[in-house]
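These notes concern the structure reproduced below.
Readers should treat all values here as calculations from the given coordinates under stated rules, not as data from a laboratory. These numbers were taken from a predicted model, which means no experiment stands behind them. Quick reminder, even Gly has a Cβ in these numbers, built from the backbone with ideal geometry, and neighbours come from all protein chains shown.
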Amino acid sequence: MLAYLPAQAGQERKAIPGHHLIGRSAGMTGPIAARMKPATEAMTAYFNAVNDAGGVNGRKIRLINLDDGLDPKRRSRIPRS
């Protein structure tokens with residue numbers, strides 16, 4: 001479910017020094033939105049706890065969420081590196 005993605009679809013982004021970027025594509029709107037909210041909140045809480053404890057090897061984690069609405073057409077536009 002997790003994959004490294006640029007911060008915004010269609011734009012090239014370079015890694016932020018001192019951060020690990022983790023991207024995720026999920027249906028945060030549409031038919032599965034109610035199920036995705038708890039998962040998103042849990043991931044955010046976990047990454048915040050890791051960051052509060054000093055991060056991973058001293059680097060903070062930044063979670064990027066891409067809402068694909070569970071639509072394959074929107075999901076296919078996710079940039080691949």
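Run the dipole for region 26-81 about the Cα centre, Lys and Arg Cβ at +1, Asp and Glu Cβ at -1, nothing else charged, and hand back the magnitude in debye, nearest 20. Walk me through the numbers before you get to the answer.
Details: 10 positive and 5 negative charges, 56 e Å.
In total the dipole reaches around 280 debye.
The gain in end-to-end length when the Arg35 to Ala53 segment is fully stretched comes to 3.7 nm, 0.36 nm per residue minus the alpha carbon separation. Between Arg74 and Thr44, full extension at 0.36 nm per residue minus the direct alpha carbon distance yields a gain of 8.5 nm.
For a test of the definition: using alpha carbon positions, the gyration tensor, and the 1.5 limit on a/c, classify region 26-81 as rounded, prolate or oblate. Walk me through the numbers on the way to the answer.
Working: a/c = 5.55, a/b = 1.68, b/c = 3.31.
Oblate, because a/c is 1.5 or more while a/b does not exceed b/c.
With the highest mean first, a sort of the peptides 35-46, 63-74 on other beta-carbon atoms found within 10 angstrom per residue produces 63-74, 35-46.
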